[in-house]
Amino acid sequence: LTPGRNFVRNSHIHNFSRWKRTYSQAIRFHEGAGNEATHNLIHGTPHIAIQYSGNDHLIRYNEIYNSCWETGDAGVIMGDWGWDGRGNRIVDNYLHDNVSRYGGRGEFNAVYLDGSCAGDTIAGNVFYNSGTFGVMHNSGREVVIQNNIFVGSRVGIHATANAWYDTTEGHPMNFLERIKAFDFRNPPWSIAYPALARTPDDHHHPDF
């Protein structure tokens, strides 16, 4: 959980993902902690603009448009699976005119917290004509969604009640196995994320 303090700031990133048309993001924080993407202008991609996993990343003051126009089941800004990637903040961004070229708004989201993404904050953003759902919260825990403005999406906030979790050893969605690898009940994890330490004790071991 030591902050990486890497940053992408004041950058104009555009017309990318032209040959590899999925998962060729403008900015990708893969695991790690304490990195930031701020004050960027991003546009011109058929798929995801910013994707993150890990902890305590800051995504703020970015303007993103003309993204996700050739896809479904994705987000302009997208968080990855798991209970362990917490403390990320998506705040004060302006996402506008992210519209599918195949049938209206298309089945994608402005912000997509996928597969039990937990403990993140989405606040103070403006979503204008961006995605079927402004925020898609695909299960997960302790997520804060507040003080956002939604215009032009079919639904502002969609939250599912599923428990995305698998008990198979080695399965990428065996989130309990993943957090045990971090010794989540002891510092520094138990201090940074006390709610994570309680997670395995208050569910009924659902299968995926």
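Quick notes on this structure:
- Test: residue in region 108-121 that is β-branched (Val, Ile, Thr) and open to solvent by less than 10 Å² (accessible area, probe 1.4 Å): yes
- Within region 23-62, considering residues that are more than 15 Å from residue 13 (Cβ to Cβ) and small (Gly, Ala, Ser), the one surrounded by the most Cβ atoms within 10 Å (Cβ to Cβ): 54
- Elements of type strands (runs of 3 or more DSSP E) in region 34-92, at least 1 residues being acidic (Asp, Glu) and out of contact with any His (no Cβ under 7 Å at 6 or more places or on another chain): 63-67
- Filter result for residue 69 (modelled with pLDDT under 95, aromatic (Phe, Trp, Tyr), under 15 Å from residue 114 (Cβ atoms) and over 11 Å from the mean Cα position of the chain (by Cα)): no
- Whichever residue in region 131-152 is small (Gly, Ala, Ser) and without any contact (Cβ under 8 Å) to a residue 60 or more places away in the chain and, among such residues, is surrounded by the fewest Cβ atoms within 10 Å (Cβ to Cβ): 152
- Flag for residue 112 being in contact (Cβ under 8 Å) with a residue 24 or more places away in the chain, of a type outside the set (Lys, Arg) and part of a strand (DSSP E or B): yes
- Scanning region 185-199 for residues that are assigned to a loop (DSSP other than H, G, I, E, B) and either closer than 22 Å to residue 170 by Cα or open to solvent by less than 80 Å² (accessible area, probe 1.4 Å) (or both) gives 185, 186, 188, 193.
The values are calculated or read from the model by the stated rules, or taken from the named source; none is laboratory data. Just so it is clear, the model here is predicted, and its values are computed rather than measured. Glycine gets a Cβ as well: all are built from the backbone with ideal geometry, and neighbour counts include every protein chain shown. For the accessible areas, the whole protein counts, side chains as well, though only heavy atoms, and no ligand, DNA or RNA atoms are used. Shrake-Rupley method; radii C 1.70, N 1.55, O 1.52, S 1.80 Å.
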